[in-house]
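Below is one structure, written out as structure tokens; comments come after it.
The values are calculated or read from the model by the stated rules, or taken from the named source; none is laboratory data. No experiment lies behind these values; they were computed from the predicted model shown. With ideal geometry, Cβ positions are generated from the backbone for all residues, glycine too; neighbour counts draw on all protein chains shown.
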Amino acid sequence: MDVIPVPEIVVGLLIVLVLASVRALWRVSLLPLASRPGNFRQPRQERPDTQQMRARLFASCVLVAIISVPLIVGVVPPNGEYGFRIAVTRSSRAVWYPANAFAGWALLSAASVSATLLAILPGTVRRWLLWAILWVPIFGAFVASLAYVSYLN
């Protein structure tokens, strides 16, 4: 088979990601729980608990994965709003598409690593660690993309 059905693969990936995010959000209630009838003296939580934050960060991973798919496929033309936009990539179409494809794969990998870690870590994890689990792989994807663009030049 010489032709890979890229649109079908992309649509299938999007469907799987949406279903996974709906399933994760279904398990975790995003609304604050009402107090029990006999327990009026407990103050309401002002900050969301870690499960709610974990669900929101997981949804962010799904969003990053969805955003990275058009970059991987190569359907994003050179522009000023969307893509891996640095001076080198905007100046040359020969650099734009490979750099964006690499950045898309790096972002997709970072999102999958973050989502996996968010899913397997115990519920007693600190909030700052949950944020680090999201942002450290994304920062690594950015640094790897910069290194790849310097390799292209």
Quick test for you: out of Leu107, Leu121, Leu63, pick the one residue that is under 26 Å from Ile15 (Cα atoms) and surrounded by 20 or more Cβ atoms within 10 Å (Cβ to Cβ). Leu107
Could you check the range 66-88 and list, in sequence order, the residues that are farther than 19 Å from Ile138 by Cα and buried (at least 22 other Cβ atoms within 10 Å of the Cβ)? none
Of all the residues that make up the range 46-102, how many are outside any loop (DSSP other than H, G, I, E, B), free of Cβ contacts under 8 Å to residues at least 40 places away in the same chain, among the charged types (D, E, K, R) and within 25 Å of Thr116 (Cα to Cα)? 1
Please work out if Trp105 is closer than 22 Å to Leu17 by Cβ, at pLDDT below 95 and among the hydrophobic types (A, V, I, L, M, F, W, C). no
Would you pick out the residues in the range 124-143 that are surrounded by fewer than 17 Cβ atoms within 10 Å (Cβ to Cβ), assigned to a helix (DSSP H, G or I) and not β-branched (Val, Ile, Thr)? Arg127, Trp128, Leu129, Trp131, Ala132, Trp135, Phe139, Gly140, Phe142
Which is under 25 Å from Ala59 (Cβ atoms) and at pLDDT 90 or above, of Val113, Val149, Val125? Val113
I'm told Tyr97 meets every condition in (1) touching a helix residue (DSSP H, G or I) at 6+ places or on another chain (Cβ under 8 Å); (2) crowded, with 16+ Cβ neighbours inside 10 Å; (3) at negative phi except one. Can you identify the failing condition by its number? (1)
